[in-house]
Amino acid sequence: MRLSPLVRASRKRCVALVFIAALAGHAQAQTYPSKPIRVIQTLGAGGGADPLARLIGQKVSDVLGQPLVIESQSGAGGSIGVSMVARAAPDGYTLALGSVSALVMRRLLTKNTPYEAPKDFSPIILLGETVSCVVSSPAVPGNTLAAVLDYAKRNPGKVAYGSSGVGTTHHLSGVMVEQLTGADMLHVPYKGGGESFQGLLSGQIQMLYGIVGTVAPQLKSGKVRMLAINAGKRFSRMPEVPTIGEVLPGYDRPPSWNGFLGPAGMPAPIVQRLYLEMNRAATNPEIVEKLLDLGFVVDTANPEEFTNYIRRSNELFGKLVKAAKIEPE
């Protein structure tokens, strides 16, 4: 079928515009970055994501020649900070260190979330998983998870557990444990991991679903008790600690991953450059060991793989939430 001159001319203009846009993106990448890059760390200062952002940010800053300025914007399970990035200009100068809680869980557990992942973002790199755990105060009877949960079951409403916010993987973990055991506990959401841990130390809560990096420094002091690792397998730095799944058959733990993203529409050359430098930093053997000490397991994925991983997480968590019969708040 022959195309009319008007259609042929229109197609030529489209090809030219695509070519010009590609050249513009390439030219922009050649001069990028020309100023500091703002990185919004969505889980707040004092949690495990803070040192993660700073360790990788410093390495990338050294290579790019511009600082990655880490800014903590916690609250609402990380959705406040993530929303800021979704609304930012897609020029590569506003990024987020986002979590599965903010990018996936928030939309499933709360109403009217103002963004959708991955549609409203440019995924850059999946970094890996934060090692999560459940700990208790010595004030609660029992040195094991089974004993503490038995006490909670026999004393409805007397045990409060904390999380880093409504709609987080820690929140979902608590709900699933309650449903499996029949224990009646009070959920107390905080703005971030650091605040929730302080709540445990001050006696506001008796249990905490959090991350190993936040609680580990206090384990030797006896101020907190490690009950279980909230992961698919035991943590190499604490091989003697069982997983929740070992204690509670049928428990299907929610993954707890983190990654860097930008607003939707970022030029592909900039996304690729950021991925290459962030991947190089994250997989540096020295950084890998430091992150393991902080309770983070590096397992990187490129932008396309990260995008698909977010989509799969939406499906997985959707099934978990439905099976747990959790209604959005």
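Here is a list: S136, S122, S132. Which entry is crowded, with 22+ Cβ neighbours inside 10 Å, closer than 30 Å to K322 by Cβ and touching a Lys or Arg at 6+ places or on another chain (Cβ under 6 Å)?
S136
Collect the residues in the range 136-149 that are outside any loop (DSSP other than H, G, I, E, B) and either within 29 Å of the chain's Cα centre (by Cα) or at pLDDT below 95 (or both), keeping them in residue-number order.
S136, L145, A146, V148, L149 - these are the residues of the range 136-149 that are outside any loop (DSSP other than H, G, I, E, B) and either within 29 Å of the chain's Cα centre (by Cα) or at pLDDT below 95 (or both).
Given the structure, is R280 surrounded by fewer than 17 Cβ atoms within 10 Å (Cβ to Cβ), touching a residue at least 60 places away in the same chain (Cβ under 8 Å), in the same structural domain as A102 (by TED's automatic domain parsing) and basic (K, R)?
yes
I need the full set of residues from the range 49-67 which are under 24 Å from V131 (Cβ atoms) and either among the basic types (K, R) or not in a helix (DSSP H, G or I) (or both), in order please.
Within the range 49-67, R54, K59 meet the criteria.
Taking T110 as the residue in question, decide whether it is surrounded by fewer than 24 Cβ atoms within 10 Å (Cβ to Cβ), touching a residue at least 12 places away in the same chain (Cβ under 8 Å), under 23 Å from I70 (Cα atoms) and touching a Pro at 6+ places or on another chain (Cβ under 8 Å).
Considered against the rule, which asks whether it is surrounded by fewer than 24 Cβ atoms within 10 Å (Cβ to Cβ), touching a residue at least 12 places away in the same chain (Cβ under 8 Å), under 23 Å from I70 (Cα atoms) and touching a Pro at 6+ places or on another chain (Cβ under 8 Å), T110 comes out as no.
For the range 98-135, enumerate the residues that are part of a strand (DSSP E or B) and of a type in the set (D, E).
Let us first name the residues in the range 98-135 that are part of a strand (DSSP E or B), namely 98-99, 121-130, 132-135.
E129, the sole residue that qualifies.
Within the group V148, V177, V140, which residue is hydrophobic (A, V, I, L, M, F, W, C) and out of contact with any helix residue (DSSP H, G or I) (no Cβ under 9 Å at 6 or more places or on another chain)?
Numbers: V177 fails: out of contact with any helix residue (DSSP H, G or I) (no Cβ under 9 Å at 6 or more places or on another chain); V140 fails: out of contact with any helix residue (DSSP H, G or I) (no Cβ under 9 Å at 6 or more places or on another chain).
Going through V148, V177, V140 in turn, the sole match is V148.
Looking at (1) in the same structural domain as N302 (by TED's automatic domain parsing); (2) surrounded by fewer than 22 Cβ atoms within 10 Å (Cβ to Cβ), can you tell me which one S101 breaks?
Here S101 clears every test but (2).
The values are calculated or read from the model by the stated rules, or taken from the named source; none is laboratory data. As the structure is a computational prediction, the values presented were derived from the model and not from experiment. Virtual Cβ from ideal backbone geometry, glycine too; neighbours counted across all protein chains shown.
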